[in-house]
Amino acid sequence: MRLTTKGRFAVTAMIDIAMHSTAGPATLAGVSARQRISLSYLEQLFGKLRRQGLVESVRGPGGGYHLGRAADSVSVADIILAVDEPIDATQCAGRENCHDDRRCMTHELWAGLNAHIFFYLRSVTLAQLVRQQEPASDVAVLQDHRPASASRSVEPAALA
């Protein structure tokens, strides 16, 4: 999978909007300053995010953006797909024509990886990412987003 800055910046900006638009709309200039992302690039991304209903714009003084849906109903996959970022590890973009106009020998491997990546990105919500930004009281909290079957503990002896 090739996740470019477009997808990364869109997710980062959406976390910022979710965190900073609770008292009123957050401005793209504010997101730009806090996240060090070009304002013109954010404007392009937010046009796409708005068209997909992930954010809503408020015009005029005190205007800006706020979430178009509840943060717990927006997945990372929703954000990445909204900005036209492909979630695809295949060389052929799924067309099965990567080797002399035929499917290559590893097509099923990469197609399977796509399914796992998409499942994972669909399972992580914007609300979860916002919660991860909140400072923990005295103990650092690490959330594990792996499916239960993948989060088996490893015995210390097995690591030696």
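Things worth noting here:
- Every pair of residues 6+ apart whose Cβ atoms lie under 7 Å, when the first sits in the range 108-130 and is over 13 Å from residue 79 (Cβ atoms) while the second is of a type in the set (S, T, N, Q): 110/90; 111/90; 114/90
- Single condition residue 40 does not satisfy, out of (1) modelled with pLDDT of 95 or more; (2) buried (at least 17 other Cβ atoms within 10 Å of the Cβ): (2)
- Among the residues examined, residue 81 does not qualify as more than 30 Å from residue 110 (Cα to Cα), out of contact with any Lys or Arg (no Cβ under 6 Å at 6 or more places or on another chain) and assigned to a helix (DSSP H, G or I).
- Breaking point among (1) modelled with pLDDT of 95 or more; (2) surrounded by 15 or more Cβ atoms within 10 Å (Cβ to Cβ), for residue 33: (2)
The values are calculated or read from the model by the stated rules, or taken from the named source; none is laboratory data. Please read all numbers here as calculations on a predicted model, not as lab measurements. As a convention, Cβ positions derive from the backbone with ideal geometry for all residues, glycine included, and neighbour counts pool all protein chains shown.
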